[in-house]
Amino acid sequence: MSSLTRRLAAASGSLVLIASLAACSGGGSSDPSSASDRGSDGGGATERTLTVFAAASLTDVYGEINTEFVKEHPGVTIQMTNGGSNDLVTQISQGAPADVLATADTKTMDTAVQQGLIAGDPTTFATNELTIAVQPGNPKGIATLQDLAKPDLTVVRCAAEVPCGSVTDQILADTGVTLTPASEENSVTDVLGKVTAGEADAGLVYTTDVKRSDGKAEAISIPEAAAHATEYPIAVAKDSDNADLAKEYVDFVLSATGQAALKDAGFGAP
């Protein structure tokens, strides 16, 4: 073999070695599953934030539902906003970003639909009933709705424009009871808070609110409340930036897992 032939063979072998090393290094890979394409955690889950606006009475149970939803949706963070249903709709109408809206009555959700804030049709996912919340041991001996009219009692309720206030008005009208409340609150959570803090002898709230008080309040049932059970609807917000994920969340609330959590919290079936 000539010296020229030997030199060409050696050069060819060097090129093959260089190509092999480059392939092993993975430099310049166009593999779509590479870390740069898998999201910031490199584990295949794209980080997303879902903003859920939910009625105050849903605060605790939605916390549980959110935990389970995130387990099944890696990379998702849920930003919760809880408050009076009317206040939530007002915030969304004024431009607050929201992906999901869950209200404590159909009337408020209808308002959101009429204002063009909702995509598709809302779906009822739970029901609830009004009850009387009193301090542990019921020191004032309250037994009926009529007892709340006694002048020596400090009673609080929701404002008329709030869902729990609207159903309160309906029940009072049916029973002919007239109340002189010490205050009218903008959310059912605030009503319960007045009772548990000892600032009120009784308050009109939902049965689920007393249950989530962890023994800080007791419930006195209102027989007439059964005829005025309130329905809770949920829907995807029209301007959601995560419409597909929002729809998955709605479906999750309606799923066996979501419904079990709602039942455990004292809510009725839709």
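Pop the C-beta distance of residue 119 and residue 224 into the FRET formula with R0 = 25 Å and round what comes out to the nearest 0.05.
0.10
Taking θ = phi - 60°, what integer Hz values does the Karplus form 6.51 cos²θ - 1.76 cosθ + 1.60 yield along the stretch 167-177, in sequence order, with x for Gly and Pro?
5, 4, 4, 5, 5, 5, 5, 5, 8, x, 8
Let's see if you can work this out: charge +1 on each Lys and Arg Cβ, -1 on each Asp and Glu Cβ, no other charges. What is the dipole magnitude of the stretch 76-166 about its Cα centre, in debye to the nearest 20?
260
For residue 197 and residue 169, what is the calculated FRET efficiency with R₀ set at 22 Å and r taken between the beta-carbons, to the nearest 0.05?
About 0.35, to the nearest 0.05.
With each label point set 7 Å from Cα along the Cα-Cβ vector, what nm distance links residue 91 and residue 64?
Here the answer is 2.3 nm between the modelled labels.
Let me see the P(r) profile for the stretch 115-189: every Cα-Cα distance counted, bins of 5 Å, each bin given as a percent of all pairs.
All Cα pairs, binned at 5 Å, distribute as 3, 13, 20, 22, 18, 9, 5, 5, 3, 1 percent.
Give the ranking of 80, 109 by solvent-accessible surface, highest area first, calculated with a 1.4 Å probe.
Output order, biggest surface exposure first: 80, 109.
For a quick check of understanding: with a 1.4 angstrom probe and all protein chains in place, what accessible area in square angstrom does residue 210 have, to the nearest ten?
Solvent-accessible area, nearest 10 Å²: 10 Å².
When you take every Cα atom in the stretch 115-270, what is the radius of gyration, and what is Dmax, the widest Cα pair distance, in Å?
In order Rg, Dmax, the Cα atoms of the stretch 115-270 give 17.2, 54 Å.
Just grab the label-to-label distance for residue 146 and residue 251, each label 7 Å out from Cα along the Cβ direction, in nm (one decimal).
5.2
Normalised by the number of residues in the stretch 82-239, what is the relative contact order in percent for Cα pairs under 8 Å and 6+ residues apart?
It rounds to 42 percent for the stretch 82-239.
Percent relative contact order of the stretch 163-270, based on C-alpha pairs within less than 8 angstrom and at least six residues apart?
23
Summing Lys, Arg as +1 and Asp, Glu as -1, what charge do residues with Cβ under 14 Å from the Cβ of residue 265 carry, residue 265 excluded?
Surrounding charge for residue 265 is -4.
Could you work out the relative contact order of the stretch 128-220, using alpha carbon pairs under 8 angstrom and six or more residues apart, expressed as a whole percent?
Reported relative contact order: 47 percent.
When the chain is fully extended, how far beyond the present Cα-Cα distance does residue 161 get from residue 263, taking 0.36 nm per residue of separation?
Length gained between residue 161 and residue 263: 34.0 nm.
Could you compute how much accessible surface residue 199 exposes when probed at 1.4 Å, giving the result in Å² to the nearest 10?
That residue has around 110 Å² of solvent-accessible surface.
Using only the alpha carbons, work out the radius of gyration and Dmax of the stretch 52-158 in angstrom.
Both quantities, over Cα of the stretch 52-158: 17.9, 55 Å.
The values are calculated or read from the model by the stated rules, or taken from the named source; none is laboratory data. Computed from a predicted structure; not experimentally measured. Quick reminder, even Gly has a Cβ in these numbers, built from the backbone with ideal geometry, and neighbours come from all protein chains shown. The protein model used for the area step is the full one, side chains on, heavy atoms only, and it has no ligands, DNA or RNA in it. Shrake-Rupley method; radii C 1.70, N 1.55, O 1.52, S 1.80 Å.
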